[in-house]
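Colleague: Once you've had a glance at the structure underneath, I'll fire off some questions.
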Amino acid sequence: MPPGLGPAVVDHRMFALYSALLDCSPATLDDLEQVFSWGRPALCSTLGRLLDLKLVRKLPTGRGFAPNRPDAAAAQAVNALESRVRVLRRKAEQIRGDLEPLMPAYLAADARRAQRGDALDLLADQERVEAVLDEAAALCRTRMLAVRIEAPAAQDHHERWFARDRALLDRGVAVRVLCPPRPDEVTADYAARVTEAGAHLRTVRELASRFVVFDDDVALILCDGEPRGPAGVVVRDTGLVAFLHDLFDHFWEGGTEWADDHRPAERPRLTDATKHSILRLLVQGHRDEAIARRLGISVRTCRRHIAEIMEMSGADSRFQAGYLLAGRQLLDAAE
């Protein structure tokens, strides 16, 4: 399932009821109660959801219910979503147009600050640090140098760092990174991913501070974020930026190429028993959190396993994956 889309719209009961209507429509509620033992309230609830999705229509004069084409139902839903997208796109263009006139004033103030000799700019919090990093990365043209002693405290910060570095690499910017030889698990995961994306990474035993240099224009020294201290310091003075560049090169020359044994250990492959358990719970309509709790694994691990199952089955949704693989008698083989 693509990230951010949420659970599948059609659960196992909706799939079963729709399939039954394909074989025996038109069918009344009484007819369907003869097929499914869910009880009338559950049956009406499931039927109502199919009606809401336009997958089923109610026939006139009490003749019951009949299925509609899934592509026609999807077209109605997609048309509504595309209409919302068009509204949001117009809103985004309006916001961009409203803010664009402020850019010359910002650049002029930045130039005045440089003329006054404001070589350093203290950043009060992590949010401001991230904003400056985003801005500097967007303007970076040729190279970025980074010393990463530890990962950001929050996982979303870690992902934001990787996404920023990946965008630089996609634009052809050279990325070099220094990190300790035995980093924590999150930093090790970042290092493996950014190396695979095309960055060059070396390890150094003694790294005193974290900093990032963008081209020869600007650098950012990352602080510990003490209660009374800044979270970061922006360096714009060309001499100081050059000094940090030379300091990075000094550490780089004495560093060791990132080796395979520094990468996180390969995650264990799914056992057949785990596969069958996940498949069975998928078909039963359980959510990721419930499956993870039942199997005693983390939600993140569970979702990774579900993604592997979907890839193996060629399915577009979690439930479809369970249904297809169950139809291939993989579940029966575990009995």
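Every number in this text was worked out from the coordinates using simple rules, so none of it is lab data. Everything numeric in this text was worked out from a predicted model, so none of it was measured. All Cβ positions, even for glycine, are placed from backbone atoms using ideal geometry, and neighbour counts span all protein chains on display.
Colleague: I'd like to know how segment 12-68 sits against the 2.2 N^0.38 Å rule of thumb: what's its Cα Rg over that expected value?
Modeller: That ratio works out to 0.97.
Colleague: Further, regarding this structure: Could you tally the net charge around Glu93, taking each other residue with its Cβ under 13 Å from the Cβ of Glu93, Lys/Arg +1 and Asp/Glu -1?
Modeller: +3
Colleague: Would you mind getting me the FRET efficiency between Thr28 and Lys54? Use the beta-carbon distance for r and R0 = 25 Å, nearest 0.05. Could you put the intermediate results ahead of the total?
Modeller: Values: r = 20 Å, r/R0 = 0.79.
Efficiency for this residue pair is about 0.80.
Colleague: Based on the Cβ-Cβ distance of Asp98 and Asp170, what FRET efficiency does E = 1/(1 + (r/R0)^6) give at R0 = 30 Å, to the nearest 0.05?
Modeller: 0.55
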